[in-house]
Amino acid sequence: MTAQRIGFNRTREGLLCDAVPVERIAKECGTPVYIYSASAIRDQYARLEEALGKLNHRLHYSVKANSNLAILKLLKELGAGVDIVSGGELYRALLAGFKGSDIVFSGVGKTEREMEEALRADVLLFNVESDQELQVLAEVAQRMNTRARVALRVNPEVMVDTPHPYTRTGGKGMKFGIAFDEALIVAAAALNLSSIELVGLDMHVGSQISQLAPYEAGLNRLLHLRTEIERSANVKLEYLDMGGGLAVSYESNDAMDVEAFGKGINTLLGDIGMRVLLEPGRFLVGNAGALVTRVLYRKRSGGKNFIITDAGMNDLLRPSHYNAYHRIEAVGQIGVGTIADVVGPVCESGDFFAIDRQVDDVVRGDLIAVHSAGAYGFVMASNYNSRPRPSEVLVDGSSYTVVTRRETYEDLVRAEQGGG
Ligand code: LLP
């Protein structure tokens, strides 16, 4: 019996996802196609769980990273809860079988309708991000004759050096969370509202964080607040939500050393007597997925090589939007390399996956895999240039399932009225 193959791995025949040849999936399902490995997701989940060990905690998967129902179901089976940021994500989570008690509702701009829906679902926590939001939530809960369980999302005012400014969230003066120096005032307001039950504190320091230090800094500030709040009123805060952000390797950067992270968090929070929630997204799914695309053309222009693929920025936005590095690899066996721009068919100069990169010397018809596309890949895809969105495939061991069918032209106009 051969050892179990987990995630993307290479044999003499080419690239596999778990034990399934990527070429076979591309042939049978067409391209571009997102391919995910179930075992790689399970593996990451187990690593993080093991690292957190005895800590009184729960992982609430951040649905925004990859909201496919099959992936949500997989994570549910593993015991995860979810972190959602919209009514749409609530809808998905409930459809996947999560219960209200599995759900924390984050987000800087919740609408009244979303609040109503979440109250109806009886979510575990609303992570509230402003005084005004708190007041509106109180009104909505009052109207519905119920109480909302609330954690205050506090801006920990920890500046982290994430790879791109757009993924920084916990710095002073950013739109997220309640300003640290206002948190006590908002807590007092929450304690005075009869339809609000203040049960916790929450933060999110940013994304792609590979060090423990920013978490420690933020958590220490939250623990300080907790003491102040509990001292000021006869209240016991039950939940400490430390957000997501654990970095994975895109090969151009450090990943979070999850074992060291687990140790550090246990040292800091092991005996605080609160239930610790984490909201990892990318850590669980990022490296479990790749976008597989076919080479349409090669050309030279202005002294440069171009590899033109059938996937574009509408399918995977990260390189264009964050200048993000994604490893690129030929699916078949290619010996030599070349320096080229790997670009999509969209009518934008920003439509690229790699610029001046040493890549496999692929030709028209070859397949390439754009790696680390499991998080913030398909979920950020659009129909720009009226391009149907790709299909998604979930591989498990030696078989695979199409978990999203490729969109059709009819799908493109389905919501439009007054046309044909
Ligand atoms: N919790 C909250 C409140 C968040 O805002 C986020 C991500 C997460 C959890 C999950 O973070 P993760 O563990 O996945 O880093 N589109 C960007 C990432 C934006 C992240 C936004 N918030 C990207 O492609 O890099």
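The values are calculated or read from the model by the stated rules, or taken from the named source; none is laboratory data. All values reported here derive from a predicted model rather than from experimental measurement. Neighbour counts are summed over all protein chains in view; Cβ atoms, including those assigned to glycine, are modelled from backbone coordinates with ideal geometry. The protein model used for the area step is the full one, side chains on, heavy atoms only, and it has no ligands, DNA or RNA in it. Shrake-Rupley method; radii C 1.70, N 1.55, O 1.52, S 1.80 Å.
Laid out as a table, the results:
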| item | result |
| --- | --- |
| Proximal charge balance of Ala290 [Cβ under 11 Å; K/R count +1, D/E count -1] | 0 |
| Trypsin sites (Lys or Arg not before Pro) restricted to DSSP loop in region 82-134 with at most 14 other C-beta within 10 Å | Lys99 |
| Of all accessible heavy-atom area on the chain, the percent that carbon and sulfur account for (1.4 Å) | 48 |
| Using alpha carbons only: equivalent-ellipsoid semi-axes of the chain, gyration tensor based, whole Å | 40, 23, 20 |
| Angle in degrees between helix 69-78 and the longest Cα principal axis of the chain, rounded to the nearest 10 | 60 |
| Cα gyration tensor, region 82-199 - rounded (a/c under 1.5), prolate or oblate | oblate |
| Distribution of pairwise C-alpha distances over region 208-359, 10 Å bins, in % | 9, 29, 22, 16, 14, 7, 2, 0 |
| Antiparallel %, DSSP beta bridges [both residues in the chain], to 5 | 50 |
| Relative contact order of region 106-280, defined on C-alpha pairs under 8 angstrom at six or more residues apart (%) | 20 |
| Residue-normalised accessible area of the chain, expressed per residue, 1.4 Å probe, Å² | 44 |
| Value of relative contact order over the chain, rounded to a whole percent, pairs C-alpha under 8 Å and six or more apart | 19 |
| Length-normalised contact order of region 242-338 in % [C-alpha pairs under 8 Å, at least 6 apart] | 26 |
| For region 157-232, Kirkwood radius (reciprocal of mean inverse C-alpha pair distance, Å) | 13.5 |
| Loop-located GluC sites (Glu not before Pro) in region 367-420, at most 16 other Cβ atoms within 10 Å (DSSP) | Glu407, Glu416 |
| 15 Å beta-carbon shell around Glu133, net charge (K/R +1, D/E -1) | -3 |
| Solvent-accessible area of Thr293 with every protein chain in place, 1.4 Å probe, in Å² to the nearest 10 | 0 |
| Tilt relative to the chain, helix 131-143 - C-alpha long axis, 0 to 90 degrees, to 10 | 80 |
| Out-of-range pairs (alpha-carbon distance over 26 Å; input Lys54/Lys175; Lys64/Lys110; Lys64/Lys304; Lys99/Lys175) | Lys54/Lys175; Lys64/Lys304; Lys99/Lys175 |
| Separation of alpha-carbon centers, region 51-90 and region 237-303, rounded to whole Å | 13 |
| Rg(Cα)/(2.2 N^0.38 Å) for region 248-309, N = residue count | 1.98 |
| Region 106-280: equivalent-ellipsoid semi-axes (sqrt of 5 x gyration tensor eigenvalues, Cα, Å) | 28, 18, 14 |
| Loop-resident sites, region 129-227, for trypsin sites (Lys or Arg not before Pro), counting at most 14 other Cβ within 10 Å (DSSP) | Lys172, Lys175 |
